[in-house]
1. In the chain, what percentage of the DSSP-assigned beta bridges are antiparallel, given to the nearest 5?
2. In units of 2.2 N^0.38 Å, what is the alpha-carbon radius of gyration of the range 10-304?
3. Enumerate by residue number the GluC sites (Glu not before Pro) in the range 108-215 meeting two conditions: DSSP loop (anything except H, G, I, E, B), and at most 12 other Cβ atoms within 10 Å of the site's Cβ.
4. Tell me which trypsin sites (Lys or Arg not before Pro) from the range 110-176 have a DSSP coil assignment and no more than 16 other beta carbons within 10 Å of their own.
5. When a footprinting reagent is the concern and you count Cβ atoms within 10 Å, what order do V86, V341 take, fewest first?
6. Rounded, prolate or oblate: which one fits the range 1-130, using the alpha carbon gyration tensor with axes a ≥ b ≥ c (rounded when a/c is under 1.5, else prolate when a/b beats b/c, else oblate)?
7. For a quick check: with amide H placed at 1.01 Å from N, whose amide H comes under 5 Å from H183's, ignoring anything fewer than 5 positions away on the same chain?
8. In the Gaussian network model of the chain, springs joining C-alpha atoms below 10 Å, which of A25, A350, A193 carries the largest mean-square fluctuation?
Amino acid sequence: TLAVGPHYHVTGVDANGNLQFGEAAFVAMDWALALASQHDVKLIIPFINNHFPNDNGEDVSGYGNYGGFAKLLGRHWKQFFTDRVVIDTFKQLITYVLNRKNTISGVRYGDDPTILAWQTGNELGGHDDPPPPPEWTIEIARLIKHLAPRSLVSDGTLGWDNGKRRWHRDVLKAPEVDIFVNHYNDKYLERDADFVAGNGKVFVNGEFGLYLPACPYDGVLGRTIKNHNIAGSMLWSLRYHSGAGGFYTHCEGYGHDKNGGGARDRNDYYYSYHAPGFRSNPSQGFGHEEQSVMPTIRSHALRISNLPPNTPFPPLIPPQLLTTSADGSEGGGWDCVAEGVTDDKPTGSALWRDEWCVGHGGGRGWWYRVQAVGVAGSRSAMSNIVGPLH
């Protein structure tokens, strides 16, 4: 989602009501779209997130919630869907985004086939608040369709446990709205899908997983494939490699206060996943289910793609060490100083440290290279050489 703040997509608003935008944040989005296109990945992008309970506090920019957007304009979060100034300014944001020309690919956002759908928002209405007014959803969807006629539009209203009541009949009939989503585990999957399909629209299980006790992933994915009224199911959530080393991690939930003293057990938090699936290490942000969940996701992805279950993983690419390289000689002789080094660590962590070399260099330093090892034990070519390091 798009966020408000000095380092985000919307940095402010001027005296004339014109939004000010953060170019660095949008360039990062340019790269994401360009890379998704390169790897043939389709995206569903929500414009805004549901509000947080503390939206009138000092920090309301987290995860792009609409309370922060309303506050930028001097309004309360409850006015987001009804205040004319807020609505028009939000439409100003949408117009800017869809008319933006990607600085990497050169493709206008509103014309980018990488984007399967634009979503009016993420989990709008939440679990406890009323859903957005139907006239708001239709007005926003109409603008999106006008500026991105080749993209689908998804209603971001959270159906939760009563989609039939929360998805308004006028929105279900609106020609500008194509997709309805819900976020949960599996209890109402077929019920919601059949209801949406009965109104001539597409249903997507927009978020499942990250639950304790374990969500029945295999069952949800199997039912998704079997039921033609379910266009797809998306796992929450997969975190990616960090440029600073390791992975980004995420956990949520409140844990279990076993002793009544306020201390929470990290084993009871919900943790994000990381491909290809690492061993359990909650203190570092890697949960218990990862090594079983990730292979399950892959097996169903192969099934959907009509590929055999023994399809090999893609060939490994040699790692690229980022420290300044020096000329190294392949014939100089190499010693293996470590094996089994993994990067299942939080961002910014040192993946490995050569303690022995400290004080043993004799002033000459050491050169290093590494080799990637795949899930099935395959090995890449050697990386570039870096050194001398002291």
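1. Numbers: 13 of 36 bridges.
Bridges in the chain are about 35 percent antiparallel.
2. Working: Rg = 19.8 Å, N = 295, 2.2 N^0.38 = 19.1 Å.
Compactness ratio reported: 1.03.
3. Numbers: sites: E123, E135, E139, E176, E190, E207; in loops: E123, E176.
Of the GluC sites (Glu not before Pro), not one in the loops of the range 108-215 has a Cβ with at most 12 other Cβ atoms within 10 Å.
4. Values: sites: R142, K145, R150, K164, R165, R166, R169, K173; in loops: R150.
When the trypsin sites (Lys or Arg not before Pro) of the range 110-176 are filtered for loop state and at most 16 Cβ neighbours within 10 Å, R150 remain.
5. On the way: V86 21, V341 10.
Starting with the residue having the fewest Cβ neighbours, the order is V341, V86.
6. Values: a/c = 1.99, a/b = 1.56, b/c = 1.28.
Since a/c reaches 1.5 and a/b is larger than b/c, the shape of the range 1-130 is classed as prolate.
7. Answer set, sorted by chain and number: G159, W160.
8. With Cα springs under 10 Å in the chain, the top fluctuation among A25, A350, A193 is at A350.
FYI, it's all coordinate maths here, none of it is from the lab. These figures come from a predicted structure and were not determined experimentally. With ideal geometry, Cβ positions are generated from the backbone for all residues, glycine too; neighbour counts draw on all protein chains shown.
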